[in-house]
Amino acid sequence: MNLVLFGPPGAGKGTQAKRLTQVLGIPQISTGDMMRAERASGSELGKQFDHYMSQGLLVPDELTLELLKKRLLEPDAAKGAIFDGYPRTVPQAEALDKLLAAQGRKIDRVVSIEVPLEEMIDRVVLRRTCERCGHIYHLRYNPPPSPDACGQCGGKLVQRKDDTEEVVRKRNDEYLAKTAPILGHYGKLGIVKTVSGIGSLDEVEARIKAAL
Ligand code: AMP
């Protein structure tokens, strides 16, 4: 199965994608995680990513597509994938369709997770991510056993640089202007299902599974 988890920043795409990898037995492909890893490596490409990410802007399509192409060729992605944070523009969606078609595959389902803006801000500002394993916590709704250490692997918990209210508002503007139109692209194919992202992690996961 090739699944796109769609939604604004803070909708819970990353958290739910990680849960679904266990259930579906296919990997999560998060261009955001890949860009953060590249940035952490200190490479020139990572610096270019940081220029956009730190302002809440989308990284240009050409740079993003290169990352995606490489990732799709890795063996674990051959049976399918959960796309989280990709595509974010209509040209990215078209490029993904082409890449998959070349392998005799297609996007089977797009699940759009809906969350109001004020809830998004609340979630993102209190979000903490494990530097080592990527596990995601929320200091109020899904707190780690200790505020600085990951309960899964003991790694250090950090706040993403772009998880501030100001940057989230900018990311939401980008989402509305450039990303939301993708629903029209997939809507024509009749593969979009919308679920509410409000409620416990288990409740949202159950809604997504029902939508598959
Ligand atoms: P995410 O981790 O998915 O919330 O992404 C964090 C940031 O990385 C975004 O605000 C963008 O700056 C950048 N980014 C991640 N994925 C993409 C993409 N598919 N296209 C453009 N920029 C992206």
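Yes or no: region 154-171 includes at least one residue that is open to solvent by less than 60 Å² (accessible area, probe 1.4 Å) and part of a strand (DSSP E or B). Yes, region 154-171 has at least one match. Looking at region 1-24, can you tell me whether even one residue there is open to solvent by less than 40 Å² (accessible area, probe 1.4 Å), farther than 28 Å from Asp122 by Cα, in contact (Cβ under 8 Å) with a residue 12 or more places away in the chain and not aliphatic (A, V, I, L, M)? Among the residues of region 1-24, at least one is open to solvent by less than 40 Å² (accessible area, probe 1.4 Å), farther than 28 Å from Asp122 by Cα, in contact (Cβ under 8 Å) with a residue 12 or more places away in the chain and not aliphatic (A, V, I, L, M), which makes the answer yes. Where helices (runs of 4 or more DSSP H) sit wholly within region 61-137, those with at least 3 residues that are within 24 Å of Glu38 (Cβ to Cβ) occupy 61-72, 90-102.
Go through region 20-59 and report how many residues are modelled with pLDDT of 95 or more, in contact with an Asp or Glu (Cβ under 9 Å, 6 or more places away or on another chain) and away from the ligand (no atom under 15 Å from the Cβ). Counting residues in region 20-59 that are modelled with pLDDT of 95 or more, in contact with an Asp or Glu (Cβ under 9 Å, 6 or more places away or on another chain) and away from the ligand (no atom under 15 Å from the Cβ) gives 3. Figure legend. Inter-residue proximity from region 56-71: first residues farther than 13 Å from Pro87 by Cβ, second residues in a loop (DSSP other than H, G, I, E, B), beta-carbon distance below 7 Å, spacing 6+ or different chains. Indicated pairs: Gly56/Asp162.
Apart from one condition, Cys133 fits all of (1) touching a His at 6+ places or on another chain (Cβ under 6 Å); (2) open to solvent by 50 Å² or more (accessible area, probe 1.4 Å); the exception is (1).
The values are calculated or read from the model by the stated rules, or taken from the named source; none is laboratory data. The model shown is predicted, which means the values in this text are computed figures rather than measured ones. Note that each Cβ is placed from the backbone with ideal geometry, even for glycine, and that neighbours are counted across all protein chains shown. In case anyone asks, the SASA skips ligands and DNA or RNA and just uses the protein heavy atoms, side chains included. Shrake-Rupley method; radii C 1.70, N 1.55, O 1.52, S 1.80 Å.
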